[in-house]
Amino acid sequence: MADLQDKRKFYINGAWVNPAKPNDLEVIDPTTEEPVALISLGDQADTDAAVAAAKAAFPAWAATPPAARLALVEKLLAVYQRRAQDMADAITHEMGAPADMSLDDQTAAGSFHIQTFIDSFRDFQFVRPLGEHAPTSMVAWEPVGVVGLITPWNWPMNQVTLKAVPALLAGNTVVLKPSEIAPLSSVVFTEMVDEAGFPVGVFNMVNGDGMGVGTQLSVHPDVDMISFTGSTRAGIAITKAAADTVKKVALELGGKGANLVFADADEKAVTRGVRHVFYNSGQSCNAPTRMLVERSAYDKAVEVARKVAEETSVGPAHQAGAHIGPVVSKQQWDKIQGMIQQGIDEGARLVAGGPGLPDGVNRGYFVRPTVFADVNNDMAVARQEIFGPVLTIIPFDSEDEAVEIANDTIYGLTNYVQTQDGARRNRLARQLRSGMVEMNGVSRGRGSAFGGVKASGRAREGGLSGLEEFMDSKQISGWDNDA
């Protein structure tokens, strides 16, 4: 990708088209700080054209038999799997995921979600009886209409597939606006949709920024739903923008997950938690960035965290290996540096890492894996989502205190529990205010919904819940079960 790729066209009404007027933006490789591609930021005319195409295609697509929609998504999965390396290369160049991680995790997340939606959709009942007490009352699930999808840069294909695939299976038509920072993966995805043969106008893609195309979709009278993943600040703005047209809004926002580590936790619990924070260079909304440790195990946990941080290698995204890469942009790097300095200024104890570039690095948006100990929950590093490889460690003396600290946040995405006491795990799982609770390193089951509460938004993405998110339910009485 040495030459600057020209990716300025949008995909509207089944064709790659030029922007209504040029508004070029360079896509920067965060490893090299060099431009790798050129896109154009869309304008009102581009948004209007994409929405009009989606609106025109909606009646026929909504009436298409579910089996036919499913067959197209199965074709899409086959194309996606065949072009996995192309996708991984795009993600590495646009947002800096290391080559192996980009293929094995970033790209694979997309195929995982597509397959899970296929499995969930096969047995989906579009018309279901309300219950035995009301034999002629039915609940019907129907597409919402034209859906605007606004996706982030940190897990590009994870988020695009969590939105586009269930929206299309449900019978909606879509307009995708990927992050302007990391748009190349969505261009590749759109090529895949085109190759799979979806009908004209069913899927459209317009590049743009939040203030432009993002806002235009949010206020558009012909867009029936917005599904957004990104910052809480932007989610609030989208909700306000969408209010005048009373459209459905699904928000997947930030997080500041607490990881409750009790003295009886398994010996790998701390290492597992630290690695999760540094994974994807800390750019995951569900990262367990607040490690709460029972006092008797605290000093050992801090030492383990220091060791893991110092053993975490940082390197170019284009190299193979298990290292972490850069963060996505200069803007993000500057923000993270400011937060690290603020932690120091507030009196947190710097155990590992700190401000500045890692040793031996003179370019690229690389951050030193950083651990703060002796943090209290009033410090900015404990309250704000840093979105970088920065862990804060907070001691607690009792289970009740741990719950109080964990819940003392505007966010509520994922919390984590590490203890061998099963009764305690069950108790904490219900007391922690979050959309997800993961315990003892056990992943949530396939088809489990991803989503939060409070300022983390209340979307539910993935599996059966993720399909229903892109539908409206209709309540019907007087149904003839013999017809």
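The values are calculated or read from the model by the stated rules, or taken from the named source; none is laboratory data. Treat the numbers as computed from the prediction; the structure is a model and nothing was measured. Please note: Cβ atoms are built from the backbone with ideal geometry, for glycine as well, and neighbour counts cover all protein chains shown.
Brief remarks follow.
- A54 outside the structural domain of S329 (by TED's automatic domain parsing), touching a Phe, Trp or Tyr at 6+ places or on another chain (Cβ under 9 Å) and crowded, with 18+ Cβ neighbours inside 10 Å: yes
- Looking at I344, I336, just one residue is over 27 Å from the mean Cα position of the chain (by Cα), assigned to a helix (DSSP H, G or I), assigned by TED's automatic domain parsing to the domain that holds V308 and hydrophobic (A, V, I, L, M, F, W, C), and that residue is I344.
- Segment 243-256, subset under 17 Å from G145 (Cβ atoms) and within 21 Å of the chain's Cα centre (by Cα), residue surrounded by the fewest Cβ atoms within 10 Å (Cβ to Cβ): K248
- Residue list for segment 185-240, filter: among the basic types (K, R) and either surrounded by 18 or more Cβ atoms within 10 Å (Cβ to Cβ) or touching a helix residue (DSSP H, G or I) at 6+ places or on another chain (Cβ under 9 Å) (or both): K240
- For segment 387-412, the candidate set comprises residues that are among the aliphatic types (A, V, I, L, M) and touching a strand residue (DSSP E or B) at 6+ places or on another chain (Cβ under 7 Å); within that set, the residue that is nearest to W153 (Cα to Cα) is V390.
- D224 in contact with a Lys or Arg (Cβ under 8 Å, 6 or more places away or on another chain) and at pLDDT 95 or above: yes
- Test for A50: is it over 17 Å from the mean Cα position of the chain (by Cα) and part of a helix (DSSP H, G or I): yes
- Residues of segment 135-170 satisfying the condition of being of a type in the set (V, I, T), within 16 Å of the chain's Cα centre (by Cα) and farther than 17 Å from F198 by Cβ: I150, T151
- Tally, over segment 269-310, of residues that are hydroxyl-bearing (S, T, Y), part of a helix (DSSP H, G or I) and surrounded by fewer than 22 Cβ atoms within 10 Å (Cβ to Cβ): 4
- Within segment 290-320, being closer than 16 Å to F366 by Cα and either touching a strand residue (DSSP E or B) at 6+ places or on another chain (Cβ under 9 Å) or among the small types (G, A, S) (or both) holds for A309, E310, T312, S313, V314, G315, A317, H318.
- Meets criteria (of a type in the set (S, T, Y), surrounded by fewer than 17 Cβ atoms within 10 Å (Cβ to Cβ) and assigned by TED's automatic domain parsing to the domain that holds A241) for S120: no
For every residue, the table says whether it meets (1) over 20 Å from E310 (Cα atoms); (2) under 24 Å from the mean Cα position of the chain (by Cα).
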site	(1), (2)
R363	yes, no
V375	no, no
F387	no, yes
S398	yes, no
L413	yes, yes
Q418	yes, no
G422	yes, no
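- Tally, over segment 347-360, of residues that are part of a strand (DSSP E or B) and surrounded by 15 or more Cβ atoms within 10 Å (Cβ to Cβ): 3
- D482 over 22 Å from R295 (Cα atoms) and either out of contact with any Leu (no Cβ under 8 Å at 6 or more places or on another chain) or surrounded by fewer than 21 Cβ atoms within 10 Å (Cβ to Cβ) (or both): yes
- Filter pass, V187 being under 24 Å from P30 (Cα atoms), modelled with pLDDT of 95 or more and in contact with a strand residue (DSSP E or B) (Cβ under 9 Å, 6 or more places away or on another chain): yes
- Residue match in segment 316-330 (condition: in the same structural domain as F372 (by TED's automatic domain parsing), part of a helix (DSSP H, G or I) and in contact with a Phe, Trp or Tyr (Cβ under 7 Å, 6 or more places away or on another chain)): yes
- Top-ranked residue in segment 405-460 [being of a type in the set (S, T, N, Q) and farther than 30 Å from M225 by Cβ; ranked as surrounded by the most Cβ atoms within 10 Å (Cβ to Cβ)]: Q418
- For A234, the criteria (1) within 20 Å of the chain's Cα centre (by Cα); (2) within 22 Å of S465 (Cα to Cα) hold in every case but one, which is (2).
- Test result for K177, crowded, with 24+ Cβ neighbours inside 10 Å, among the basic types (K, R) and out of contact with any Ser or Thr (no Cβ under 7 Å at 6 or more places or on another chain): yes
- Meets criteria (among the basic types (K, R) and in contact (Cβ under 8 Å) with a residue 12 or more places away in the chain) for K307: no
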